[in-house]
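Right, one structure below, let's go through it.
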Amino acid sequence: MSFLKELLSNHFNNYIRILKSVFTPVVCYGCNTNKISGQNNYLCTSCLMQLPFTDHFERNYINSVHEKFYGRFNIEFGAALIYFSPKSIVGSLIHHYKYRNKKYLGTYFAEMICEKIDTCDFLPQFDLITSIPIHKKKFESRGFNQSTIIAEYISEHINCPVNCSLLIKIFETTSQTRKNRKQRLMNIMDSIAIDEKNIETIKGKHILLVDDTLTTGATIESCGRVLLKNGAKSISIMCISQAV
Ligand SMILES: [Zn+2]
């Protein structure tokens, strides 16, 4: 009897799932208009074709990520997957990822980054991968660190150790508007600390720092400086997108 009940219940659940997919079709995360189909597909063909990929993994030159940190601190390798602007396909995708609880988009981005990594013939050897920390409260409300998901995926793909608890965001730095660049950096610098128990882990290491979107670069700079100050040998940067 219970078997029959379970069978009927499973059938019922499947019907509900089918009905839901008919009446609530999946809409493209890029344009929020066109319908999409297929598993693990979040963009319509039109949006997919328009993704503004960088050439950072294809050409070995002083790219816009290097330029961002020029005269601030040295980076060994720097690359972003795509260019970002707020009202764009990429802007919408990142918004869904970070603010609409679409955690699985992390894997989507990470897969694309790893495809680029596979074609990159000047990728240096990293000793350790870590991600930009977010404040505990933000982690609790979002449920995940958007950069950690990417860092862990890359780590597995290139078979490099990962430790995403090297750095800690001590306090939130939201109201930065009244501060100049130096004050903003000082404020962010103060908000990033190294977890004391990891100091030995980073000594003499070439560390790959992973972030979601590179804008002013102040947070990455702060993290990089903290790692270097505490004995890391060199820093490289990889992010999903770079603001244009
Ligand atoms: Zn679309």
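The values are calculated or read from the model by the stated rules, or taken from the named source; none is laboratory data. Please read all numbers here as calculations on a predicted model, not as lab measurements. All Cβ positions, glycine included, derive from the backbone under ideal geometry; neighbour counts span all protein chains shown.
Quick one: in the range 26-59, which of the residues that are within 6 Å of the ligand (Cβ to nearest atom) and outside any loop (DSSP other than H, G, I, E, B) is farthest from Leu123 (Cα to Cα)?
Ser46
Using the structure shown, decide if Leu4 is loosely packed, with under 10 Cβ neighbours inside 10 Å, over 13 Å from Ser241 (Cβ atoms) and at pLDDT below 95.
Considered against the rule, which asks whether it is loosely packed, with under 10 Cβ neighbours inside 10 Å, over 13 Å from Ser241 (Cβ atoms) and at pLDDT below 95, Leu4 comes out as yes.
One residue is enough: does the range 176-191 have a residue meeting the conditions touching a Leu at 6+ places or on another chain (Cβ under 9 Å) and touching a residue at least 12 places away in the same chain (Cβ under 8 Å)?
No, the conditions are met nowhere in the range 176-191.
Can you work out which of the residues in the range 74-98 that are in contact (Cβ under 8 Å) with a residue 12 or more places away in the chain and part of a helix (DSSP H, G or I) is surrounded by the fewest Cβ atoms within 10 Å (Cβ to Cβ)?
Residue satisfying both the conditions and the ranking: His96.
Could you grab me the full set of residues in the range 108-139 that are among the β-branched types (Val, Ile, Thr) and assigned to a helix (DSSP H, G or I)?
First pass over the range 108-139, keeping only residues among the β-branched types (Val, Ile, Thr): 113, 117, 119, 129-130, 132, 134.
Selection gives Ile113, Ile117, Thr119.
I'm told Gly71 meets every condition in (1) assigned to a loop (DSSP other than H, G, I, E, B); (2) of a type in the set (Gly, Ala, Ser); (3) touching a helix residue (DSSP H, G or I) at 6+ places or on another chain (Cβ under 7 Å); (4) away from the ligand (no atom under 11 Å from the Cβ) except one. Can you identify the failing condition by its number?
Result: Gly71 passes all but (3).
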